[in-house]
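Novice: Input: one structure, supplied below.
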Amino acid sequence: MDITTAQNNFRKVTADSVPATYANSAAVFLQTPPTSTLLFDYTSASVSGQNPSLLYVMPFMVSATTAQTSIGMRLLNWRKYADASGTLTGVTIADTAGNFTCNANPTLAVGQALTIAGTFGGSGTITVPAYVNPTTYYIIATNGSTTFQLSATPGGAAITTTVGNPTGVTYTRSNVASYWYVPTVLADLTLTFTSGTVPNYTIDGTANHRTFSGITQVAGTPSGNLYSPALPAGSNVEPAAALIDLAGAQYVTAQFKSSGTPTMGTFWSTL
């Protein structure tokens, strides 16, 4: 079967050499709008300047078989926030693995830079790598407000610390940009094939597209309307699809995962 994409109604996004797990680097705090696997933003022509309320997605896999496992697709909404004051207060060192606590701050996120300046007094310090005044560290884990874990490099290993309540130092989170882009999960979906024959399609001149027969929501993520055909094993299956609520979404990106590093993608449209 040969399908030519109706580009004015449906679009598609693909990703080559999909890893077995989602790439954390594609879901961290950004200083500029996301571009990788971007489906749309509200200012682009792709949504005709209108704020859609629903996102239709129909995932597929290219040149793959039913032997693929751990197949999934995650949709991320990147909200745009104005930057605020960068000073953290009430900071303590919680453990030996670079974890800190602080008074509630409106914007803490993974990937954010944090500069520590001054001379450590009181109790608690940074030991590995040894602290030098001043040093810029990077948040690698946070609850978004009152806890954070630091690394000496973006996305790197945690620093080593000693527990305590330091004095004589200040903590300034980065505010070099006018805005920050913070990801939240719109949907996390598990994809499956019906056992037996998996139908093949040629889409836009590329052979061996394989649609999915099942789509389920991963526990603990926002719910969507899911459509999975229930046909007998061995029969050709119609594609599974989902409708995702876009209330409050601004920039939407897609991530994929599957064993065997296949090419994956999704057809999508806004409603």
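Novice: Only residues that are closer than 20 Å to residue 180 by Cα and either surrounded by 13 or more Cβ atoms within 10 Å (Cβ to Cβ) or at pLDDT 95 or above (or both): list them for the range 106-135, please. Lay out the reasoning, then the answer.
Specialist: Looking only at the range 106-135, we keep the residues that are closer than 20 Å to residue 180 by Cα, and these are 106-115.
107, 108, 109, 110, 111, 112, 113, 114, 115, listed by residue number.
Novice: Which number in (1) at negative phi; (2) out of contact with any His (no Cβ under 9 Å at 6 or more places or on another chain); (3) outside any loop (DSSP other than H, G, I, E, B) marks the one condition that residue 153 misses?
Specialist: If we test residue 153 against (1) at negative phi; (2) out of contact with any His (no Cβ under 9 Å at 6 or more places or on another chain); (3) outside any loop (DSSP other than H, G, I, E, B), just (3) comes out false.
Novice: Scan (1) open to solvent by less than 60 Å² (accessible area, probe 1.4 Å); (2) at pLDDT 80 or above; (3) within 19 Å of residue 186 (Cα to Cα) for the single condition residue 62 breaks and write down its number.
Specialist: The single condition residue 62 does not satisfy is (3).
Novice: Search the range 229-251 for residues that are over 21 Å from residue 188 (Cα atoms) and open to solvent by less than 80 Å² (accessible area, probe 1.4 Å) and pair each with any residue that is outside any loop (DSSP other than H, G, I, E, B) and modelled with pLDDT of 60 or more when their beta-carbon atoms are under 9 Å apart and the residues are at least 6 apart or on different chains.
Specialist: The qualifying pairs are 237/211; 237/214.
Novice: Select, from 103, 51, the only residue that is open to solvent by 10 Å² or more (accessible area, probe 1.4 Å) and modelled with pLDDT of 90 or more. Working first, answer last.
Specialist: Values: 51 fails: modelled with pLDDT of 90 or more.
Only one candidate passes the filter, namely 103.
Novice: Among the residues of the range 200-227, count how many are of a type outside the set (Val, Ile, Thr) and within 11 Å of residue 190 (Cβ to Cβ).
Specialist: Step one: of the range 200-227, the residues of a type outside the set (Val, Ile, Thr) are 200-201, 204-205, 207-210, 212-214, 217, 219-220, 222-227.
Now restrict to residues that are within 11 Å of residue 190 (Cβ to Cβ): 212, 214, 217, 219, 226.
Of the residues in the range 200-227, 5 are of a type outside the set (Val, Ile, Thr) and within 11 Å of residue 190 (Cβ to Cβ).
Novice: Can you name the residue in the range 16-38 that is of a type in the set (A, V, I, L, M, F, W, C) and under 22 Å from residue 153 (Cα atoms) and, of all such residues, is least open to solvent (accessible area, probe 1.4 Å)? Steps first, answer last, please.
Specialist: Let us first name the residues in the range 16-38 that are of a type in the set (A, V, I, L, M, F, W, C), namely 18, 20, 23, 26-30, 38.
Now drop any that are not under 22 Å from residue 153 (Cα atoms), which leaves 23, 26-30.
Numbers: 23: 42, 26: 38, 27: 32, 28: 33, 29: 15, 30: 45 Å².
Checked the range 16-38; the qualifying residue least open to solvent (accessible area, probe 1.4 Å) is 29.
The values are calculated or read from the model by the stated rules, or taken from the named source; none is laboratory data. Model, not experiment: these values are computed from the prediction. Using ideal geometry, Cβ is built from the backbone for each residue, glycine included, and neighbour counts are taken over all protein chains shown. Accessible surface areas use protein heavy atoms only, side chains included; no ligands, DNA or RNA. Shrake-Rupley method; radii C 1.70, N 1.55, O 1.52, S 1.80 Å.
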